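Asker: Take a look at the following structure, please.
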Amino acid sequence: MTTPTWALTIAYWLHMLATVIWIGGLAILTALIIPVARRTLDENAYAVFLERVQRRLDPLAWFSVAVLLGSGMLQMSANPNYEGFLTLNNRWAWAILVKHFLFGLMVIVSGYLTWGIMPSMRRAALRQARGQDAPEINALQRREHLLLGLNLALGIIVLALTALARAS
Ligand code: HEM
């Protein structure tokens, strides 16, 4: 059964929208917001500001992950190059397989950020705001910036693999 054009159109639209939100959000955060905020705000204000930005971006990122997975599955099943689960007879299939692998890595990194780093940063920022010591906060901020940068790099490679699939 062929996938109706209206369904594929909506899938591609949502897939590209989710790409813009997630990868665009990572790019703006790592290349613009964090460097400028670090140079502009004092330690307390920076910790509170970063925590608030992340608290807004995080649900959007997870929503994008779900949309990319759902729309991606539909696009994959409708693509003439798709010959079945783990059937790797052409370059398109290999590009999409490696893309899935990197997507999985990005989800693991996002999970560690959301359920590992961010709660620790929130607690440290709260203690700092109360004037208490939070010696771990700089290390946490550095690790968060590093992992956001890693996810951006993986997202850029995912786009390159998508371009390879499209060209196949
Ligand atoms: C970080 C995650 C992802 C990003 C940034 C991303 C981005 C994109 C973009 C920009 C396109 C091109 C749309 C076009 O011009 O036609 C695309 C196509 C596609 N994506 Fe994704 N995607 C992601 C995850 C996924 C996942 C998880 C799947 C599968 C479950 C998937 C499957 C596909 C398929 C099958 C196509 C069509 C390729 C073709 O036309 O040859 N994507 N993706």
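The values are calculated or read from the model by the stated rules, or taken from the named source; none is laboratory data. All figures in this text were calculated on a predicted structure; none of them were measured in a lab. Cβ sites come from the backbone with ideal geometry, for glycine too, and all protein chains shown count toward neighbours. Protein only, heavy atoms only, side chains kept; ligands, DNA and RNA dropped before computing areas. Shrake-Rupley method; radii C 1.70, N 1.55, O 1.52, S 1.80 Å.
Asker: For the chain, give the magnitude of the charge dipole about the Cα centre (Cβ charges: +1 Lys/Arg, -1 Asp/Glu; no others), in debye to the nearest 20.
Answerer: The calculated dipole for the chain is roughly 180 debye.
Asker: From the P(r) of the stretch 48-93, can you give the percent of Cα pairs sitting at distances over 12 Å?
Answerer: It works out to 70 percent of all Cα pairs.
Asker: Please pull out the direction-averaged projected area of the stretch 72-132, using the convex hull of its alpha-carbon atoms, in nm² to one decimal place. Please report the intermediate quantities before stating the final value.
Answerer: On the way: hull surface 21.7 nm².
That works out to 5.4 nm².
Asker: So, one more: Divide, for the stretch 13-84, the radius of gyration over alpha carbons by 2.2 N^0.38 Å, where N is the residue count.
Answerer: Computed over Cα atoms of the stretch 13-84, the ratio equals 1.51.
Asker: Moving to a separate point now. With a 1.4 Å probe and every protein chain left in place, work out the accessible area per residue of the stretch 5-167 in Å², rounded to a whole number.
Answerer: Details: 9480 Å² over 163 residues.
Value returned for the stretch 5-167: 58 Å² of accessible area per residue.
Asker: When the Debye formula is applied to the Cα atoms of the chain, each taken as the same point scatterer, what base-10 log of I(q)/I(0) results at q = 0.09 Å⁻¹?
Answerer: The Debye formula, applied to the Cα set alone, gives -0.38.
Asker: Another question about this same structure. Only helical DSSP H runs with n ≥ 4 go in: add -39500 (n - 2.57) per run for the chain, normalise by residue count and round the 222 nm mean residue ellipticity to 500 deg cm²/dmol.
Answerer: Calculated from helices alone, the mean residue ellipticity at 222 nm is -27500 deg cm²/dmol.
Asker: Could you list the trypsin sites (Lys or Arg not before Pro) in the stretch 72-168 that lie in coil according to DSSP, counting only those with at most 15 other Cβ atoms within 10 Å of their Cβ?
Answerer: Arg130
Asker: Quick check for you: which residues of the stretch 130-145 have the amide N under 18 Å from the point 7 Å beyond the Cα of Thr40 toward its beta carbon?
Answerer: none
Asker: Just want to confirm a number: the relative contact order over the chain, from Cα pairs under 8 angstrom separated by 6+ residues, in percent.
Answerer: Contact order relative to length: 33 percent.
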